[in-house]
């Protein structure tokens, strides 16, 4: 049975009338038109559907619509602010961390979430931090380069005010 | 273009912004207003005669629009590239667990799932055949009754010199039987498509496909439509690696769309369906025997290759032939007997996967090469160096190398790399319970199609009414970045900033048949066509510019970003103004290119051979945990000759991505099928490398100028993957003295071998 579910989505309040047992990824993609969040496995193995739920990385393919209720949700469409790319996005572009791009939204979201909790990571910590996200194209090296670079950008941005 | 005059080839990928913001629209992202979901009922039995499909309960479900069976297919109901024998929907015989027996069109995902469960079918199980050796035996169950050669898809044989005599005279002979696993592509975007019948009655299919032009022919024939009534559009793909080289969802969404009264339909296989019904790399069993003289020179090679095609031919015979053509890797061997067999089984659908048959045979050859080095007490790079193919040599099937051949330079560059030179010290400092080893693997990989199949491309470059440069791509971009590279190539020729240019993705309505996004050809072949088109457009623009600026002849003017200018002057005319002075037909220029081929090679083997190759030499440094059997790839060096590098990050993306897939192929990826039942179901049971499994990699580019290539390049998409498995297997032998001939080198197999319970050399 349908129910009204309200939550903050990329900074704005939204209300969706839907069956609360539907998958969060389907609500985002089909009802809200936010197709940036991808589905790669449907079982929580690949990370392509990563979103931020109250600043924590979660997998929207194994979340229900009901679990969105009252939460602060950020999808790839809300990662940058005011039309600017997020430093993680900039680093992904500059350092060639993108190939087919299907893992990219989830990978960016995972990296953003990871850097919130660990703003000055070692390369090995980055490897572990994004290991829940599968990329079949890049071999990860440039993604790790990009996350390392983004961390420096974010720290630089902070210290520079 | 002269050296040092590159302006626009370098720079970040032009598709990066739309992808990093989630705005890029893949086939999976099509949803528009009212649409229906489409799903297939899969057989889940490996071999059976189908009598009846019961659809009435599903059809009565309130959420169901239509249930379709083979009776609803208007055309031949057969798919195929070389042989047309794969049913769109099974009508007589089920030949593998993933075969579809019915198609459901539903108003929602939920209704689709429920209705699929309500479909039943009557069938009589047939004895199956699950191993190529068994399949070739007299009396084996036949998978295609009408195949005169039983279960054989195709056989090839190449014989040169007198291998029997030569083996008798060799100082050392090494041999082994090697088995490589069934590898799943595991692209992140599973097979998906969107279809509708437009207002003109044309069937439009937007699909995640590497092959829009070839698909159109197959769809039209199978569904009984005129070829001009089918339009296929290929947006950026979310990965493919060969697994979307051909029909996946296209005929199913097409069939559904013909039965909805104009409502669009969407099909998106979930991961399990993708695994069940999608193509896999052909598993291979390879008998290798190599003979060498005391000085290390190779004298004789004998190999028998058996590739498991699965139930339908698809491109499997061609994949095996390509493996056979490369069976001697990149070495001179004067006496050769190569036999290749591609064989039907009731296992999974076999198909292209990065490397197209070469990673299998290279795995065999490069291991016997290292075994020969070991037996002779030679350095594994030295034995490769002295046998390395050079320009003018003949390769293992007898083709003279008349194009750029930088293989020996690859070996030299690897030999001088610090990670090679300091290997003994590194090995000696292994921590407790760990053993370290270093292994080498080399390879060659052909560019384009074999001689019999014209490898052609048709490009269009246009000056739009608004003065922008637009490139129409005829070859899908599955993630390798060729679309952006086409813009950079056109930008380089036209002296325009690619960031201001437009790309149009492949669409059969644009009539630019250009072959497939495969065969390490996408940039080489189509890039050359782009150069031709851009040169023609350049002349059109310069001529119009000269006329408008009131000067004689096109030599007085030049193109600068956004404008045409009189040379040595500041007088110029913006392209957007100039566009109005050129009629639409002239503003759009076509370019054509055909990849070099040699007709005389048709005598060598099926389809003839290739003439142009990329090469490489690899080093893997691994650490083996003697308590768990786990292999860690600690360092990896890939030296590659793929001609000149157009764009370094894009080039290295291909190198690094190939190494990651190669590491997976070598140590973890194994799609298990027992008696036709899939024991691997999803990404929880099919393990692909994560960021924790792939080291930082060293990519060294040897850059001979390939004069036939666009800006001197050759294909880089596939060559690298073939070196990984043998480099790692050779490293394991170096570390522990064991050679496990059945791949991948899982911890269980390694541990069994280390404790003396498993397979050994």
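The values are calculated or read from the model by the stated rules, or taken from the named source; none is laboratory data. Bear in mind that the values here come from a model prediction, so they are computed numbers and not experimental data. Cβ: placed from backbone, ideal geometry, glycine included. Neighbour counts: every protein chain shown.
Could you go through region B:642-654 and let me know if any residue there is away from every other protein chain (no Cβ under 13 Å), out of contact with any helix residue (DSSP H, G or I) (no Cβ under 6 Å at 6 or more places or on another chain), surrounded by fewer than 21 Cβ atoms within 10 Å (Cβ to Cβ) and outside any loop (DSSP other than H, G, I, E, B). No, region B:642-654 has no match at all. Residues that are more than 9 Å from chain B (Cβ to nearest Cβ) and touching a residue at least 24 places away in the same chain (Cβ under 8 Å) within region A:91-117 comprise A:91, A:107, A:109, A:110, A:111, A:112, A:113, A:114, A:115, A:116, listed in sequence order. Scanning region B:361-397 for residues that are within 18 Å of residue B:445 (Cβ to Cβ) and in a loop (DSSP other than H, G, I, E, B) gives B:389, B:390, B:391, B:393, B:395, B:396, B:397. Inside region B:444-484, residues that are in a strand (DSSP E or B), within 19 Å of the chain's Cα centre (by Cα) and surrounded by 24 or more Cβ atoms within 10 Å (Cβ to Cβ) make up a count of 4.
Any residue in region B:367-388 that is within 25 Å of the chain's Cα centre (by Cα), more than 24 Å from residue B:421 (Cβ to Cβ), in the same structural domain as residue B:737 (by TED's automatic domain parsing) and crowded, with 23+ Cβ neighbours inside 10 Å? No; the residues of region B:367-388 include none that is within 25 Å of the chain's Cα centre (by Cα), more than 24 Å from residue B:421 (Cβ to Cβ), in the same structural domain as residue B:737 (by TED's automatic domain parsing) and crowded, with 23+ Cβ neighbours inside 10 Å. Suppose the filter is on the phi > 0 side of the Ramachandran plot, surrounded by 24 or more Cβ atoms within 10 Å (Cβ to Cβ) and assigned by TED's automatic domain parsing to the domain that holds residue A:145; does residue A:101 pass it? In short, yes.
Which residue out of B:178, B:167 is more than 26 Å from the chain's Cα centre (by Cα) and within 30 Å of residue B:288 (Cα to Cα)?
Criteria check complete, one pass: B:167.
Tell me the residue from B:660, B:731 that is surrounded by 22 or more Cβ atoms within 10 Å (Cβ to Cβ), more than 14 Å from every other protein chain (Cβ to nearest Cβ), out of contact with any helix residue (DSSP H, G or I) (no Cβ under 7 Å at 6 or more places or on another chain) and part of a helix (DSSP H, G or I), please. Don't jump to the end; show me each part of the working.
Working: B:660 fails: more than 14 Å from every other protein chain (Cβ to nearest Cβ).
Within the list B:660, B:731, the selection yields B:731.
Residue B:247 satisfies every condition listed in (1) surrounded by fewer than 24 Cβ atoms within 10 Å (Cβ to Cβ); (2) outside any strand (DSSP E or B); (3) more than 12 Å from chain A (Cβ to nearest Cβ); (4) in contact with a strand residue (DSSP E or B) (Cβ under 9 Å, 6 or more places away or on another chain) except (1).
Of all residues in region B:568-585, none that is closer than 11 Å to residue B:545 by Cα and outside the structural domain of residue B:494 (by TED's automatic domain parsing) has its Cβ atom under 8 Å from the Cβ atom of a residue that is in a helix (DSSP H, G or I) and modelled with pLDDT of 95 or more, 6 or more apart or on another chain. For region B:138-222, the strands (runs of 3 or more DSSP E) that sit wholly inside it and include 2 or more residues that are surrounded by fewer than 17 Cβ atoms within 10 Å (Cβ to Cβ), in contact with a strand residue (DSSP E or B) (Cβ under 9 Å, 6 or more places away or on another chain) and away from every other protein chain (no Cβ under 14 Å) are B:152-160, B:172-180.
Within region B:485-504, the residues that satisfy the criterion of being out of contact with any strand residue (DSSP E or B) (no Cβ under 7 Å at 6 or more places or on another chain) and buried (at least 19 other Cβ atoms within 10 Å of the Cβ) are B:485, B:488, B:489, B:491, B:492, B:493, B:498. Got at least one residue in region A:139-152 being outside any helix (DSSP H, G or I) and either away from chain B (no Cβ under 14 Å) or touching a residue at least 40 places away in the same chain (Cβ under 8 Å) (or both)? Among the residues of region A:139-152, not one is outside any helix (DSSP H, G or I) and either away from chain B (no Cβ under 14 Å) or touching a residue at least 40 places away in the same chain (Cβ under 8 Å) (or both), which makes the answer no.
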